[in-house]
Amino acid sequence: MGARTNVALSGAVEQQQFLTFMLGGEMLAVGILHIKEIIEYAGVTTVPMMPACIRGVINLRGAVVPVMDLAARFGKPASEVTKRTCIVIVELGEPGERQDMGIVVDTVNAVLEIAAADIEPAPAFGARIRTDFIAGMGKVNGKFVILLDVEQVLSDMDIGALTQINEAGAALPAPALSQHP
């Protein structure tokens, strides 16, 4: 009887929940445990000299939250803002050092439960193509959904490494976001 209980418990753990959203016609997903909230796209304040993928900051109940354009982060043209555009607020970092970050998505779809058996590892494309931001490929209704590793996609170290090129061609470090009154 104890073995059946363990099987039932492990079966329950094998289901993972993901928030699915559209970005440039592709369905992507983020683990639901990273999602803090979803808000409509509004009130983004542009911050000068930021990398192209940083749209700016928002005031979220008194906190300054940076907002990243996920499409631009992936090297695609910046997302066009429509009435369905949302900012998904995600929590990053270790407990005690949590930071909120907003990501711009075209539209939010749904929360899906995906069984561990339906999650394939990230594909290997070769040494020159980064796949560290892909947690896996989820099979949903006969199609693949890219499951993002939000910690990798939005890592502070990687964002800090982005540079801006001035007109003379010299690399300038991307300035850090700070909270000033």
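The values are calculated or read from the model by the stated rules, or taken from the named source; none is laboratory data. None of these values were measured; they are calculated from a predicted model. We place every Cβ from the backbone using ideal geometry, glycine too, and count neighbours over all the protein chains shown. For the accessible areas, the whole protein counts, side chains as well, though only heavy atoms, and no ligand, DNA or RNA atoms are used. Shrake-Rupley method; radii C 1.70, N 1.55, O 1.52, S 1.80 Å.
Within the range 18-35, residues that are closer than 14 Å to D106 by Cβ and open to solvent by 10 Å² or more (accessible area, probe 1.4 Å) reach partners that are among the polar types (S, T, N, Q) and in a strand (DSSP E or B) with beta carbons closer than 6 Å, at six or more positions or on different chains, in the pairs M22/T107; M27/T20. Is the range 124-134 home to any residue that is among the hydroxyl-bearing types (S, T, Y) and within 30 Å of E14 (Cα to Cα)? For the range 124-134, residues among the hydroxyl-bearing types (S, T, Y) and within 30 Å of E14 (Cα to Cα): present. Summed over the range 23-65, the residues that are under 19 Å from F133 (Cα atoms), over 12 Å from the mean Cα position of the chain (by Cα) and part of a strand (DSSP E or B) give a count of 3. Whether any residue in the range 103-113 is touching a Cys at 6+ places or on another chain (Cβ under 9 Å), open to solvent by less than 90 Å² (accessible area, probe 1.4 Å), at pLDDT 85 or above and part of a loop (DSSP other than H, G, I, E, B) is what I want to check. Yes. Beta carbons closer than 8 Å, at least 6 apart along the sequence or on distinct chains, never pair a first residue in the range 130-153 that is more than 19 Å from R73 (Cα to Cα) and β-branched (V, I, T) with a second that is part of a loop (DSSP other than H, G, I, E, B) and open to solvent by less than 10 Å² (accessible area, probe 1.4 Å). Whenever a residue of the range 70-93 is among the acidic types (D, E), its partners that are open to solvent by 60 Å² or more (accessible area, probe 1.4 Å) and assigned to a strand (DSSP E or B), lying with C-beta atoms within less than 6 angstrom and at least six residues away or across chains, give the pairs E91/K36. Exactly one residue out of E97, E151, E120, E167 is closer than 22 Å to R55 by Cβ, open to solvent by 40 Å² or more (accessible area, probe 1.4 Å) and at pLDDT below 90: that is E151.
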